[in-house]
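Trainee: Below is one structure. I have some questions about it.
Read-outs throughout are calculated quantities, based only on the coordinates presented, and are distinct from any laboratory measurement. This is a predicted model, so every value here is computed, not measured. We place every Cβ from the backbone using ideal geometry, glycine too, and count neighbours over all the protein chains shown.
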């Protein structure tokens with residue numbers, strides 16, 4: 001039986017893209033998954049989990065954390081790839097590509113590189129001379145390695161086109177971050193009821209993801225309070241990295257929720273918010289995050305950052321508003337437009353368009369096509 005190793009340095013229990021991939025690999029493969037955090041829960045998934053045991057914060061705030069994250073983790077993954085010697089290695093992000101590429105020195109055609117963000121254009125890479133030097137090295141290595149790989153995938157047409165032009169390669173396949181069919185909420189209904197019982201009748205804005213400065217949450221909170229929309233409330237779901245209390249009469253904070261339960265929480269809300277600032281980095285300018293589709297799947301209107309990808313969805317499906325989240329005036333104007341709109345119709349447009357035009361099964365076919373091209377055998 002052939003084998004595949006899917007690897008990431010993220011907390012896999014909350015990494016929806018990895019969870020979808022695990023469940024999509026055909027049954028004639030032995031599946032190994034290397035990552036951090038608790039073993040992910042995958043419906044019908046059978047796989048061997050390799051915990052890379054990284055427990056510190058990912059922000060690399062000191063030299064020890066930087067060395068542990070950028071050297072220790074890579075050495076652990078290098079050793080795992082050498083030990084397992086899989087037929088295919090699926091690398092999630094550039095950080096796992098480098099050790100895998102080095103470990104498979106004679107079998108590099110078996111690597112799938114999933115660059116689900118523009119790695120060298122992500123936020124924070126230019127905040128100091130040291131970070132600029134590291135990023136320049138990453139860009140050089142990514143360029144050299146990508147030219148030698150046949151199997152690259154990403155999440156948006158914008159990133160695919162950029163990489164093809166920047167590295168002079170064929171356009172990577174686009175596999176969008178579309179969630180799996182929504183799960184049964186009966187197992188978490190009572191827990192969700194407890195959270196939302198005090199918010200009945202309010203217009204609920206919701207954000208899911210890291211509650212951090214990098215995700216522009218302080219600006220979101222500040223403008224939400226200024227907007228003063230009648231009977232509106234903001235729900236933040238994710239790990240609080242701001243180091244301050246976020247609870248008041250207009251804001252509710254909920255800690256990280258497992259991927260399988262997220263839709264159950266979202267369905268209690270009205271408007272899904274994603275406040276990235278597109279002028280802060282190139283990655284945000286080209287991004288098409290899974291949150292957009294999670295909100296649509298749950299039947300929420302959208303209030304998201306403005307770029308080519310998100311504007312395309314809003315314009316086609318008439319399901320929300322965009323704003324320049326680097327511009328407070330733009331945000332407040334969009335809040336005003338939301339307050340004057342028929343939110344119920346926007347929500348219905350989101351839900352109907354998701355059910356009609358989107359679904360992981362379509363993206364799964366693309367992924368299996370990539371696996372097929374790597375393996376050269378029919379499934």
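Trainee: If each DSSP helix of 4+ residues adds -39,500 (n - 2.57) and the sum is divided by the residues in the chain, what number results at 222 nm, nearest 500 deg cm²/dmol? Spell out each step's value before the answer.
Mentor: Working: 15 runs with 155 residues, N = 379.
Mean residue ellipticity, 222 nm, calculated: -12000 deg cm²/dmol.
Trainee: Need the full-extension length gain, residue 250 to residue 311, defined as separation in residues times 0.36 nm minus the C-alpha distance. One decimal, nm.
Mentor: Extending this stretch completely gives an extra 19.1 nm.
Trainee: Take the chain, connect every pair of alpha-carbon atoms lying under 10 Å apart with a spring to form a Gaussian network, then pick out the residue of 150, 128, 13 with the largest mean-square fluctuation.
Mentor: In the Gaussian network model the winner is 128.
Trainee: In nm, to one decimal, how far is the residue 352 label point from the residue 190 one, both placed 7 Å along Cα→Cβ?
Mentor: Between residue 352 and residue 190, the simple spin-label model gives 3.8 nm.
Trainee: Rounded, prolate or oblate for segment 189-357? Axes are the square roots of the Cα gyration tensor eigenvalues, ordered a ≥ b ≥ c, and the cut-off for rounded is a/c under 1.5.
Mentor: rounded
Trainee: For segment 259-310, what is Rg from Cα atoms divided by 2.2 N^0.38 Å, rounded to two decimals?
Mentor: In units of the 2.2 N^0.38 Å rule of thumb, it is 1.19.
Trainee: Contour minus end-to-end for residue 368 and residue 72, with contour as 0.36 nm per residue of separation and end-to-end as the Cα-Cα distance?
Mentor: 103.4 nm
Trainee: For a quick protection proxy, order the peptides 338-345, 365-372, 98-105 by their average other-Cβ count within 10 Å, most packed first.
Mentor: 98-105, 365-372, 338-345
Trainee: Please state the shape class of segment 192-237: rounded when a/c is under 1.5, otherwise prolate if a/b exceeds b/c and oblate if not, all from the C-alpha gyration tensor.
Mentor: Values: a/c = 3.67, a/b = 1.31, b/c = 2.79.
It is oblate, given that a/c is not under 1.5 and a/b is not larger than b/c.
Trainee: If you don't mind, there's one more thing I want to ask. Beta carbons within 10 angstrom, averaged per residue: use that to sort the peptides 256-267, 112-123, 64-75, highest first.
Mentor: 112-123, 256-267, 64-75
Trainee: 7 Å from Cα along Cα→Cβ at both residue 41 and residue 28: what's the point-to-point distance in nm?
Mentor: Between residue 41 and residue 28, the simple spin-label model gives 3.2 nm.
Trainee: Considering all alpha-carbon pairs of segment 94-141, what whole percent are spaced by more than 16 angstrom?
Mentor: That tail contains 46 percent of the Cα-Cα pairs.
Trainee: If R₀ is 30 angstrom, what is the calculated FRET efficiency for the pair residue 83 and residue 280, using the beta carbon separation as r and rounding to 0.05?
Mentor: Computed FRET efficiency for residue 83 and residue 280: 0.15.
Trainee: Sticking with this structure for a sec: Taking a spot 7 Å from the Cα of residue 231 along the direction of its beta carbon, which residues of segment 278-317 have an amide N less than 18 Å from it?
Mentor: Residues 301 qualify, since their backbone N sits under 18 Å from the label point.
Trainee: Sort 24-35, 269-280, 159-170 for me by packing, meaning the mean count of neighbouring Cβ atoms within 10 Å per residue, highest on top.
Mentor: Ranking the peptides 24-35, 269-280, 159-170 by packing returns 269-280, 24-35, 159-170.
Trainee: OK, next. For the chain, what is the relative contact order in percent, using Cα pairs closer than 8 Å and at least 6 residues apart in sequence?
Mentor: It rounds to 14 percent for the chain.
Trainee: Put a dot 7 Å past each Cα toward the Cβ at residue 161 and residue 147; how far apart are the dots in nm?
Mentor: Inter-label distance under the simple model: 2.4 nm.
Trainee: Further, regarding this structure: Grab the Cα-Cα distance for residue 136 and residue 49, subtract it from 0.36 nm times how many residues apart they are, and report the gain in nm with one decimal.
Mentor: Contour length minus the Cα-Cα distance gives 28.0 nm.
Trainee: Extent of the chain along each principal axis, from alpha carbon coordinates, in Å, largest to smallest?
Mentor: Reported extents, whole Å, longest axis first: 63, 47, 37.
Trainee: Here is a follow-up. Taking all pairs of distinct Cα atoms, average 1/r, flip it, and tell me the Kirkwood hydrodynamic radius of segment 188-279 in Å to one decimal place.
Mentor: Computed over Cα pairs of segment 188-279, the Kirkwood hydrodynamic radius comes out at 13.6 Å.
Trainee: Using only the Cα atoms of segment 90-244, construct the convex hull and provide its projected area averaged over every direction, in square nanometres to one decimal.
Mentor: Values: hull surface 54.0 nm².
Computed as one quarter of the Cα hull surface, the answer is 13.5 nm².
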